[in-house]
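Here, each number is a calculation from the coordinates, and none is a lab measurement. Predicted model, so just to flag it, every value in this text is computed and none were measured. Every residue, glycine among them, receives a Cβ derived from its backbone with ideal geometry; neighbour counts consider all protein chains shown.
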Amino acid sequence: VISAGVAGLGRAKSDGPLKLAVPRGALFAETLDILDGAGVDTSELRGDSRSLIFETEGVTLVTMRPSDVPTYVEAGAADVGITGKDVLLEQSDRRVYELLDLGFGHCRMVLAGRRGDESLGESQRRLGMMRIATKYPRIAERHFEATGRQIEVIEVKGSVELAPLIGLGDGIVDLVATGRTLEENDLEVREEILECTARFVANRVAHKLRAAEVDELTAKLREAVAG
Amino acid sequence: MIHPIPPGTRDVLPDEMRELRRLNRALIEVFEDRGYGEVATPAIEYDQVLARGDARASEGAYRFFDERGDLLALRSDMTVPIARLVASRFADAEPPLRLCYLASAHRAVRPQRGQMREFVQAGVELIGAPAPQGTAEVVEVLEAALKAAGLDRAVIGLGDADLYRQLLTELGIEGAARDSVLERLEMHDLVGLEAELSEIAGIGAEQVATCVALSQLRGGKEVLGQARGLGGVAVERATARLQETYDELERRGVADRVQIDLGLLRDRGYYSGAIVEVYDPALGHVLGGGGRYDGLLKRFGVDLPAAGFALYLERVHVAQMEESRRGRES
């Protein structure tokens, strides 16, 4: 790891500590663990505080939904952040720098259909297109476009497993960690689309103007990942 | 009654206009003082002519047919129209030519991203002055423009557009893999870059690490030494070019503002050699950029080296406001 200095940048005064966007939800616990490993004090976040912003020594932690992380980081409201690769791919037009694969939060984006049900294949054959319910319309569209098939994307916000069970769509594109939810809803994986883990991202301008701090945190996280 | 205007466009009302006008005047004055004459070109040009300059950038342009069935396009920057203008009007003039502009340009937007369909750029083009002197002059003008705008904390990133093109050639990476690696570098997707490079036959772990490490080198002139330590002919050449430019900037007394950045890549297709980007700590977005485009004028039939920059006027204005707000708070 090369930690570049910032000589010649005397003018680029930092405005307070680095702001780090922390994802609530499925990645939350492991994010706190890796931050602990990188020497960031996360004890306050572990309590049942309803606060959204936590000042720690050297870094301000801002908690939010994982899908909001690219928005805050792109705008520079947060300097750096942690979120899933699935979120980054779904919002690939958000320009953030992807600096590090944090390794945790492993899951797969898959195409799933009802067990033993042939409606995916039948729609494809007889209608020339499949109806796919998903929370990830862009990833789904890109996958089927890249494999030369047409789909009608049905975007849903909640439990996507419900859709094919009651006839909204022939199948789903969704994120699967253990596969238990699919199994319990009588669904099965038909295709693997891609694998996702948590990533450390940075705002473009922060990456330039706060190079030393960003590089130091990246290096510490890298060490924490290595274990 | 409300009559809508397209998203990404806006009306400017007197309070804002007054401030923008003041900023415009300050910038044009800086350019004129340094011998850059202001020019204007039509907002609408033949698509074929603009595409000659940068086929890739013209993808995002607005196009339409005129009454004769000719394909027209709204300009998406001023560099290409000025290259066209220089070739048509100043082909026999004694170089160097110094031109500046304050002009609107148009680009297609992605919905709901707060992007501007119509924006104003203020910039200069220095035609016929090669690196490193020409580059240093342009950076010097940019520095003066930032000072005139009151952005004392703004930083100019200085990189080299040919570094990775030459490095990939040196490593024997061609074709689709090359495009894909360059795209990762431009997006600054280090995880993807590492994965992509590792899959290419004949590229060892050490070369992957070199590429990734290079893209993270940014800072004062010590990074040139660090880069040289990573080895290779392409790196040696790029650092030599950067060193020359930086020495010249030091001589002109503007190096303090400059951050050397070996990870810098810009998305317009015509850049060669030095490239610059402008940042202000008060704003999460890039304020502007530019660099050398020594091959661009040749596409219009005049073989002259050139360099320039453009500032996004609205963003500079936002940065001014944020800086003054910050000044009041502290």
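Viscosity 0.692 mPa s, temperature 37 °C: what is the translational diffusion coefficient of chain B from Stokes-Einstein with a Kirkwood Rh over Cα pairs, rounded to a whole number of µm²/s? Present the calculation step by step, with values, prior to reporting the outcome.
Details: Rh = 21.0 Å.
Value of D from the Cα-based Kirkwood radius: 156 µm²/s.
By the Kirkwood approach, averaging reciprocal distances over each pair of separate Cα atoms, segment B:25-112 gets a hydrodynamic radius of 14.4 Å.
Using DSSP to define loop residues, name the trypsin sites (Lys or Arg not before Pro) in segment B:45-147 whose beta-carbon has at most 11 other beta-carbon atoms within 10 Å. All intermediate terms of the calculation are to be shown ahead of the outcome.
Numbers: sites: B:R52, B:R56, B:R63, B:R68, B:R75, B:R84, B:R89, B:R98, B:R107, B:R113, B:R117, B:K147; in loops: B:R56, B:R68, B:R75, B:R107, B:R113, B:R117.
Passing sites in segment B:45-147 are B:R56, B:R68.
Remark: segment A:10-163 is approximated by an ellipsoid whose semi-axes, taken from the C-alpha gyration tensor as √(5λ), come to 38, 17, 12 Å, largest first. Averaging the Cα positions of each part gives two centres, and for segment B:187-215 and segment B:263-330 these lie 27 Å apart. Applying the criteria of a DSSP loop state and at most 11 other Cβ atoms within 10 Å to the GluC sites (Glu not before Pro) of segment A:21-110 yields A:E57.
In units of 2.2 N^0.38 Å, what is the alpha-carbon radius of gyration of segment B:99-218?
Values: Rg = 18.8 Å, N = 120, 2.2 N^0.38 = 13.6 Å.
For segment B:99-218, the normalised Cα radius of gyration is 1.39.
Quick check on the protein assembly as shown: what does the Kirkwood estimate of hydrodynamic radius come out to from the alpha carbon pairs, in Å?
Numbers: mean 1/r = 0.0390 Å⁻¹.
Radius from the Kirkwood sum: 25.6 Å.
Listed values for segment A:17-34 are Karplus-derived 3J(HN,Hα) couplings in whole Hz (6.51 cos²θ - 1.76 cosθ + 1.60, θ = phi - 60°), namely x, 4, 9, 10, 7, 9, x, 6, x, 4, 8, 4, 4, 5, 4, 4, 4, 5, and x replaces Gly and Pro.
If you build the convex hull over the alpha carbons only and average its shadow over all orientations, what do you get for segment B:214-330? Give it in nm² to one decimal.
Working: hull surface 37.5 nm².
Averaged projected hull area, Cα only: 9.4 nm².
Excluding same-chain neighbours fewer than eight residues apart, the aspartates and glutamates reachable from A:K220 by a Cα-Cα span under 12 Å are A:D36.
Excluding the sites themselves, what is the longest stretch of chain B that contains no GluC sites (Glu not before Pro) in a DSSP loop with at most 14 other C-beta atoms within 10 Å? Walk me through the intermediate numbers first.
Values: sites that count: B:E67, B:E174.
The reported range is B:175-330.
How large is the convex hull of the C-alpha atoms of segment A:164-227 per residue, in Å³?
On the way: hull volume 8.9 nm³, N = 64.
So the per-residue hull volume is 139 Å³.
Considering only Cα atoms, the convex hull volume of segment B:162-222 works out to 89 Å³ per residue.
Volume of the convex hull of segment A:121-227 (Cα atoms only), normalised per residue: 147 Å³. Let me know the mean shielding of B:144-154 by other chains, meaning the per-residue number of their Cβ atoms within 10 Å of its Cβ. Average per residue, whole number: 1. Taking θ as phi - 60° and the Karplus parameters 6.51, -1.76 and 1.60, the scalar couplings of segment B:2-14 work out to 9, 10, x, 10, x, x, x, 10, 7, 8, 10, 9, x Hz in sequence order, x denoting glycine and proline.
Among A:K19/B:K221; A:K85/A:K135; A:K85/A:K208, which pairs are too far apart, with a Cα-Cα distance over 18 Å?
Numbers: A:K19/B:K221 28 Å; A:K85/A:K135 14 Å; A:K85/A:K208 23 Å.
Where the Cα-Cα span goes over 18 Å, the pairs concerned are A:K19/B:K221; A:K85/A:K208.
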